[in-house]
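Working notes for the structure below.
The values are calculated or read from the model by the stated rules, or taken from the named source; none is laboratory data. Note that this is a predicted model, so its numbers are computed, not measured. No Cβ is skipped: glycine too gets one built from the backbone with ideal geometry, and neighbour counts run over all protein chains shown. Remember, those area values only see protein heavy atoms, side chains included, never the ligands or the DNA or RNA. Shrake-Rupley method; radii C 1.70, N 1.55, O 1.52, S 1.80 Å.
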Amino acid sequence: MSQITPMAKARLTRELSLLSTDPPPGIAAYVPNPSDMTSIRAQITGPEDSPFEKGVFLLLVNISGRYPFEPPRCRFVTPVYHPNIDSGGRICLDTLKSPPGGSWSPAVSLPSLLLSIRSLLASPNPDDGLVPEISELYKRNKWEEEARKRTEREATVAKLEEAERGLDGDNINDEKRDVEKSNAEEEKKKDDGLASKRSNESNAEEIVAAEDGVKRTKR
Amino acid sequence: MTDHDSIAAGLVDDEEIVIPLLSRDETVSTVILGHHPCDELIQTARRMEKQLHERLSDASSEALNNIRDDHKQLGIYEEFLQQCEAIVKELLGAIQQHLHKEQTALERTRAKNSRKRNDSIKSTAMLPPPLNFYAMLLKQLKVLDNMPNVTEINLHDNGSNDNHEDVTRLSVTCVDKKKRNHTWNAQLYPTIILTLDLPEEFTLVDDNLRLEKWWHDDKHDVLVEIQKRFQQGIDIYQPLFDELDQLDANLWVLEPSLPARRSSVERRIALWEGGASLVLVLDAEKPRAAPTLVRFVGLTAAAMKAAQASKGDGMDVEAKDWSSSFAEFIAECGKDDSAVKHWSESRSVQENLELWFGAQLPSPLTSSKSDYLVECGICYTHRFPTEDVMADDGSMPQEEGSLPDVKCSNATCNRHYHESCLFEWLHSLPTAKNSFERIFGSCPYCCDTISVSTVKGRHK
């Protein structure tokens, strides 16, 4: 379990209660393990009038130790056929990156972050595509049909429950490490200056996590 | 022997003289004189003490030698005691002479002696209370229990790490005319230490009340007397409690957190949404008089603009200079013939405030408190969260932690931040610049320039 500051704890408590009492449309977020607020899951229903509208997507949100000065790390577990989301579930969204490369700021709350991820589903940004093939299909208007087909196949409630069961079986640390790893890789790819520094941190973290498996000592 | 005892007992009453005579291992100079600054006096006393010991030992050895001689015995004891008396008188005379000479020294001696007395009390605190302590306690508790206003009496041990579990803490709860509860707490042994929740001006303890070794007081039931005086105090402040209760029930009181302590005469009252509030301090004796201290919080142009927007054209918030208008309002207090509207003691505090405000003040009956408590835009809390005071569920106690003090100067943004939160954010921005112990960057919400002191931000 990663250490969070009292400030992050206070903010998260507020945000989680907001998410549960006044959830944004189409988003149901919760903490699977009440003793660890840093690991959050969200079920996002596909936006209406988008190829995803019939689907339910599972998203993992992992709060870093420097939250809210650093963005949470987010990854889709449910496969999403989308120009800005790759096969590992990594999301290319500027709100999810720290400045100067991205537009994360403490002003972004969890509900608004989840909302912007949901609206990314409805309106892809092919010019900043993470997956060139899908971007290409999108530009040629051949994406929608494929996305709809895949949504019907992959983003079902049954698949969602299966995925959740899989996660519950996993060690929570593995789950987190996956998210961190994917983010670190993505940042390395996308962002040179700051990202390299941060991914070094994540790498160091991975080593620690790998060494003792259960206990996280860093931060 | 009996004569000796009675004389000795007579001497015991005058504690300051007898202690050195009876316990030889203590020296006269340390017990009577304490740390008297006058060296001369100490020397005199030491000299006399030495003499005293010599003569006493002479007399007692003589008495022992002749102990079997029944005829001589009484005479020897008399002689022995007379000698003692003479020595003591001599000693007293010498001391008094010096004390007269050195008036200032005397005062200092008294202060030090009293301090010393307290020290000796502390050392006896380790001993369990004497039996008559409990006898008196029980007797007085019975009286207290029968008093009509007393609703609850609790006895506790002192909760300390002392080994003995003596019941030496008392709390008494009573009701006033409006059925409000009031409680006083006291530590009973070795001396009464009272904790009351009444306005500061109220003094319950005076010279007639014996707090130290109170169970020796035969004339008064000290605990009962305390309760009587406490009840009187409550009666005096009924008008104050009425006013404060009215404010607490009908207006948004931001500080102190409710229920407030009865001794608190200060209230911070929300004026309108967006954080503007008014701090007033009532006169405990005359609660309806014009408040003694009035201060405005968060009364900025932006706040007024927002208030005006929300109120529509019903009131001209912006054009009004609130603090000077309030000063005028109070200044006219007492002039009942004055044509202008003014603070009047015939109205309640709330009525006066609303008359000045020109409208109803926000009330918990019509709005929620979170509208008036400003949150930090970064950590989303009012009080800055720190490890040691935060509850397990992440909530913060009302009175701890700093408030969001930095405000974005962009009037449409108008966000508040804790100095340390903003500092940490700006610090992590690659574009932020440091200059003259301030760090400059962009507001997390509106991206306008905002700055915070690096000194203050880092320290928290």
task = Work out the mean other chain Cβ neighbour count within 10 Å for the residues of B:427-433 and drop it here as an integer.
result = 3
remark   = Expressed in square angstrom to the nearest 10, the accessible area of B:D221 with a 1.4 Å probe stands at 40 Å²
note = Output field shielding_mean for A:105-114 (other chain Cβ, 10 Å radius) holds 4
remark   = For A:A29, the residues 5 or more places away or on another chain with a placed amide H closer than 5 Å to its own amide H are A:Q43
request  = Would you kindly derive the ³J(HN,Hα) couplings of region B:131-143 from the backbone phi angles with the Karplus curve 6.51 cos²θ - 1.76 cosθ + 1.60 (θ = phi - 60°), listing them in order in whole Hz, with x for Gly and Pro?
outcome  = 5, 5, 4, 5, 4, 5, 4, 4, 4, 6, 5, 4, 5
task = Measure off 7 Å from each Cα along the Cα-to-Cβ vector at B:H156 and B:S324, then give the distance between these two points in nanometres to one decimal.
result = 5.3 nm
key: Protein-only accessible surface order, largest first, of B:R47, B:R383, B:R169 at 1.4 Å   = B:R47, B:R169, B:R383
inquiry  = I'd like the distance between the alpha-carbon centres of region A:66-89 and region A:95-152, rounded to an integer number of Å.
reply    = 10 Å
note = In region A:6-155 the accessible area split gives carbon plus sulfur, as whole percent at 1.4 Å, a share of 48 percent
ask   = If B:C413, B:C174 are ordered by their accessible area, calculated over protein heavy atoms with a 1.4 Å probe, which sequence runs from highest to lowest?
value = B:C413, B:C174
query = Roughly how much accessible area, to the nearest 100 Å², goes out of reach of solvent when A and B pair up, both sides summed, probe 1.4 Å?
reply = 1700 Å²
note = Judged on accessible area alone, 1.4 Å probe, highest first, B:Y189, B:Y237 line up as B:Y189, B:Y237
ask   = If you put +1 on each Lys and Arg Cβ and -1 on each Asp and Glu Cβ, how big is the dipole of region A:6-155 around its Cα centre, in Debye rounded to 20?
value = 420 debye
inquiry  = Not counting ligands, DNA or RNA, and with a 1.4 Å probe, what is B:E90's accessible surface area in Å² rounded to the nearest 10?
reply    = 90 Å²
Shielding of A:7-18 by partner chains, average beta-carbon count, 10 Å = 6
task = Return the long-range amide H neighbours of B:Y445 (sequence gap of 5 or more, or a different chain), with a cut-off of under 5 Å between placed amide H atoms.
result = none
request  = Using only alpha carbons, build the gyration tensor for region A:61-159 and give me the equivalent ellipsoid semi-axes, biggest first, whole Å.
outcome  = 26, 16, 10
inquiry  = Using C-alpha positions alone, give me the convex hull volume of region A:1-100 per residue in cubic angstrom.
reply    = 116 Å³
